[in-house]
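Remarks on the structure that follows.
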Amino acid sequence: MSNIDAQIKAAMQAVLDHLKGELRSLRTGRANSAMLDKVQVEVYGNHMPIKNLASVTVPESRQILISPFDASSIHAIAKAIDATNIGLHAVVDGKVVRVHVPPMDETIRKQIAKQCKELGEKSKIAMRDVRRKYNELVRKQKADGVIPEDLMKKYEKTVQDLTERFCKDIDAVCADKEKEIMTV
């Protein structure tokens with residue numbers, strides 16, 4: 001039981017952690033270095049994340065400052081940010097790239113809040129897939145005679161309880177992010 005229980009918790013926690021990572025990259029009213037996590041820069045014949053090519057800092061609430069480790073990649077970084085459809089514009093300023101984060105109007109806030117909800121729903125679907133997988137595993141063990149029926153019912157209840165708990169966690173994380181997005 002404890003082995004299956006630990007596996008279920010680990011799988012569901014992985015789904016929740018993935019959601020948190022996705023939500024970090026969503027734009028809010030303030031500048032955030034995680035906004036650039038999905039930007040891939042083509043340098044040295046490969047696509048690399050900005051974090052591997054430069055130091056990313058947030059000196060002000062409306063600006064992200066990128067200091068490349070290799071000055072020759074500065075224009076590739078700016079080009080990649082402009083090419084990515086995240087609503088930000090990069091400006092090369094000497095040996096750094098400045099990304100100004102414009103204030104969001106109500107329609108943009110609503111669009112991003114909608115993306116947040118969609119990510120939450122996708123995470124709930126992934127959570128239900130984990131539930132289905134482990135319920136099938138328990139039923140197979142029962143069919144193979146490894147565990148009795150009363151233990152199977154207990155495992156199924158545990159899986160359901162964990163699913164409900166993690167779905168509530170997903171709702172809470174998404175609600176917090178939506179609140180942050182909608183705050184002017």
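What follows draws every value from the coordinates through simple rules; no lab data is involved. As the structure is a computational prediction, the values presented were derived from the model and not from experiment. Neighbour counts are summed over all protein chains in view; Cβ atoms, including those assigned to glycine, are modelled from backbone coordinates with ideal geometry.
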- Message: How tilted is helix 149-182 with respect to the longest principal axis of the chain? Cα atoms for both, answer in degrees (0 to 90, nearest 10).
- Response: 20
- Task: Please report the base-10 log of the normalised intensity I(q)/I(0) for the stretch 33-100, using a Debye sum with one equal scatterer per alpha carbon and no solvent, at each q in 0.13, 0.18, 0.22 (1/Å).
- Result: -0.28, -0.55, -0.86
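Would you mind checking K20/K154; K157/K179; K133/K168 for any pair whose Cα atoms are more than 25 angstrom apart?
Values: K20/K154 30 Å; K157/K179 33 Å; K133/K168 20 Å.
As for pairs spanning more than 25 Å Cα to Cα, those are K20/K154; K157/K179.
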- Relative contact order (%) - the stretch 33-100, alpha-carbon pairs under 8 angstrom, separation at least six: 28
- How far apart, in nm, are the 7 Å Cα→Cβ label points at K79 and Q7? 4.8
- Item | Relative contact order computed over the stretch 1-114 (Cα-Cα under 8 Å; 6+ residues apart), in percent | 20
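Using a Förster distance of 41 angstrom, determine the FRET efficiency expected from the C-beta separation of A14 and R62, and round it to 0.05.
Working: r = 34 Å, r/R0 = 0.83.
Step by step, r from the Cβ atoms, then E = 0.75.
So for I112, I64, fewest C-beta neighbours within 10 Å to most, what's the order?
Numbers: I112 18, I64 23.
Ascending number of Cβ neighbours within 10 Å: I112, I64.
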- Query: Fully extended, how many nm does the chain gain between Q40 and D171 (0.36 nm per residue separation, minus their Cα-Cα distance)?
  - Reply: 44.2 nm
